[in-house]
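The next block holds one structure in the form of C-alpha cells; read it before the comments.
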C-alpha cells in the first residue's frame, strides 16, 4: 500500500508530522509530496529538520503566484507524479491551495482522498481557505474531523465520504514537541521576561492585502503601548507593511519588536510565556488555547469557534478601538487566564495520528465512524 501526502506550507508540515511519524513506525510506505507553495526553501527545510521528518519524496517547486496560478500549476505538476507513483490513497491536510489542488488532481485520477482537518467552517466565503476546505470535503472519500462540531458541520452538508472523529494532529505534535520547546532560549536571546509581553502574528490576505484593514490593525498595535509586543513577521507581511508606509511606524514604536519568522520550537516557547496573543492564524488560535494564553483573533469569524465559545479566544476583527479595548481588558484581567487553565480540550486526546493511520491502513478496531 502506498500513501501519498500532499503539503506545501509550514502549517501543513506541522499538522502532517504526527501522521508521518506514525506511518513510519508502522512500516507503511508514505510518500510526502511538497508542492513548494511556501517558496522559501530554507525555511521549509528547517521545519522538516526541526520536526525530525524525512526529506520529501519530491518537491514540485511551484512557488508564489495568484490563487489560480498556484492551484493550476500544482495540479499540472502533481498529476505527473501521481500517475507515476500510483498511490492507493492521497492524504490532504488542511485548507491551502496545495490541499485543494491535491484533492482535485487525485479525485480526477480516480484516487481516494482522505482529508485531515475536515469539517472546519468559518462560514466566510470571502476567505480562500473556506472555499478550499468545502470543496475538499465534498470530494473526499474519508474525512478526519478534529471535533464534534466539525462532525456536525459535515453531517449538515451531507458529504458523501465516511467521517471519522479523530481529534487534531496539531495537538499531537504540540504535546510531543512542547517539552523540547520549553528549553528554547528565545526569551533570553531577545531580552524578555515571562508575562511581560504580547505576541502578534499577521499573515492572512484579507488583512495584509487590504490597506484599510492593515492600517487599522497597525494603528491598534501602536496604541497598545502599555505592553511590549513581539511580532515575528512573514516576509510577505513585511512587504505589504513597507509598501503601505506602515513598516517605519512599527519600527519607530519603542514597544514593538519585529522579528524574522521563528522556528516551531522558538515560537511555541515565545507564545507559552506571553501575557496575550493577537493573531489572524487558525493554527495559532488553537496553540494559544493549548498553552492557556488568552487570544485575540484579528478576524470577524473563525473556523475554531470552540475556542470562542469557551471564552479563551476573542474575535476583534480589524477595528482599532475594538482591538485596543479587548486587549487592555485581557492584559489586566488575571481571572481570564485562570479560567482558561481549567477548560476542556475539544480537539482530542493527542492520539489523532494513530487513529488516522489505523483507519488508512485498515487496522482500526475502533467504531469512530459517524
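The values are calculated or read from the model by the stated rules, or taken from the named source; none is laboratory data. Only a predicted model underlies this, so the values are computations on that prediction, with no experimental measurement involved. Positions of Cβ are backbone-derived with ideal geometry, glycine not excepted, and every protein chain shown enters the neighbour counts.
Taking the stated definitions as given, is residue 306 assigned by TED's automatic domain parsing to the domain that holds residue 201, more than 22 Å from residue 226 (Cβ to Cβ) and in contact with a helix residue (DSSP H, G or I) (Cβ under 8 Å, 6 or more places away or on another chain)?
Considered against the rule, which asks whether it is assigned by TED's automatic domain parsing to the domain that holds residue 201, more than 22 Å from residue 226 (Cβ to Cβ) and in contact with a helix residue (DSSP H, G or I) (Cβ under 8 Å, 6 or more places away or on another chain), residue 306 comes out as yes.
Look at the range 1-33 and say how many of its residues are under 19 Å from residue 86 (Cβ atoms) and assigned to a strand (DSSP E or B).
Summing the residues that are under 19 Å from residue 86 (Cβ atoms) and assigned to a strand (DSSP E or B) in the range 1-33 gives 10.
Those residues that are in contact with a helix residue (DSSP H, G or I) (Cβ under 6 Å, 6 or more places away or on another chain) and either under 11 Å from residue 318 (Cα atoms) or at pLDDT below 95 (or both), I need them from the range 215-228; list them, please.
Result: 216, 219, 220.
Within the range 47-71, can you find the residues that are in a helix (DSSP H, G or I) and crowded, with 16+ Cβ neighbours inside 10 Å?
47, 48, 50, 70, 71
Could you identify the single residue in 113, 107 that is free of Cβ contacts under 8 Å to residues at least 60 places away in the same chain, over 15 Å from residue 355 (Cβ atoms) and assigned to a helix (DSSP H, G or I)?
Criteria check complete, one pass: 107.
If I filter the range 150-159 for residues that are farther than 23 Å from residue 305 by Cα, more than 21 Å from the chain's Cα centre (by Cα), outside the structural domain of residue 299 (by TED's automatic domain parsing) and not in a helix (DSSP H, G or I), do I get at least one hit?
no
If residue 25 satisfies every condition in (1) more than 20 Å from residue 356 (Cβ to Cβ); (2) surrounded by fewer than 21 Cβ atoms within 10 Å (Cβ to Cβ) but one, which is the exception?
Going through the list (1) more than 20 Å from residue 356 (Cβ to Cβ); (2) surrounded by fewer than 21 Cβ atoms within 10 Å (Cβ to Cβ), residue 25 breaks only (1).
What residue, among those in the range 125-145 that are under 17 Å from the mean Cα position of the chain (by Cα) and not in a helix (DSSP H, G or I), is surrounded by the most Cβ atoms within 10 Å (Cβ to Cβ)?
It comes out as 144.
Which of the following residues is out of contact with any helix residue (DSSP H, G or I) (no Cβ under 6 Å at 6 or more places or on another chain), buried (at least 16 other Cβ atoms within 10 Å of the Cβ) and more than 30 Å from residue 309 (Cβ to Cβ): 108, 112?
Among 108, 112, only 112 is out of contact with any helix residue (DSSP H, G or I) (no Cβ under 6 Å at 6 or more places or on another chain), buried (at least 16 other Cβ atoms within 10 Å of the Cβ) and more than 30 Å from residue 309 (Cβ to Cβ).
Which of (1) over 23 Å from the mean Cα position of the chain (by Cα); (2) surrounded by fewer than 16 Cβ atoms within 10 Å (Cβ to Cβ) does residue 349 not meet, given it meets every other one?
(1)
Of all residues in the range 274-303 being part of a loop (DSSP other than H, G, I, E, B) and touching a helix residue (DSSP H, G or I) at 6+ places or on another chain (Cβ under 7 Å), which is surrounded by the fewest Cβ atoms within 10 Å (Cβ to Cβ)?
292
Please verify whether the range 153-167 includes one or more residues that are buried (at least 21 other Cβ atoms within 10 Å of the Cβ), in contact with a helix residue (DSSP H, G or I) (Cβ under 6 Å, 6 or more places away or on another chain), in contact (Cβ under 8 Å) with a residue 24 or more places away in the chain and closer than 24 Å to residue 280 by Cα.
For the range 153-167, residues buried (at least 21 other Cβ atoms within 10 Å of the Cβ), in contact with a helix residue (DSSP H, G or I) (Cβ under 6 Å, 6 or more places away or on another chain), in contact (Cβ under 8 Å) with a residue 24 or more places away in the chain and closer than 24 Å to residue 280 by Cα: present.
Given the options 328, 337, name the one that is in contact (Cβ under 8 Å) with a residue 24 or more places away in the chain, closer than 23 Å to residue 168 by Cβ and part of a helix (DSSP H, G or I).
Among 328, 337, only 337 is in contact (Cβ under 8 Å) with a residue 24 or more places away in the chain, closer than 23 Å to residue 168 by Cβ and part of a helix (DSSP H, G or I).
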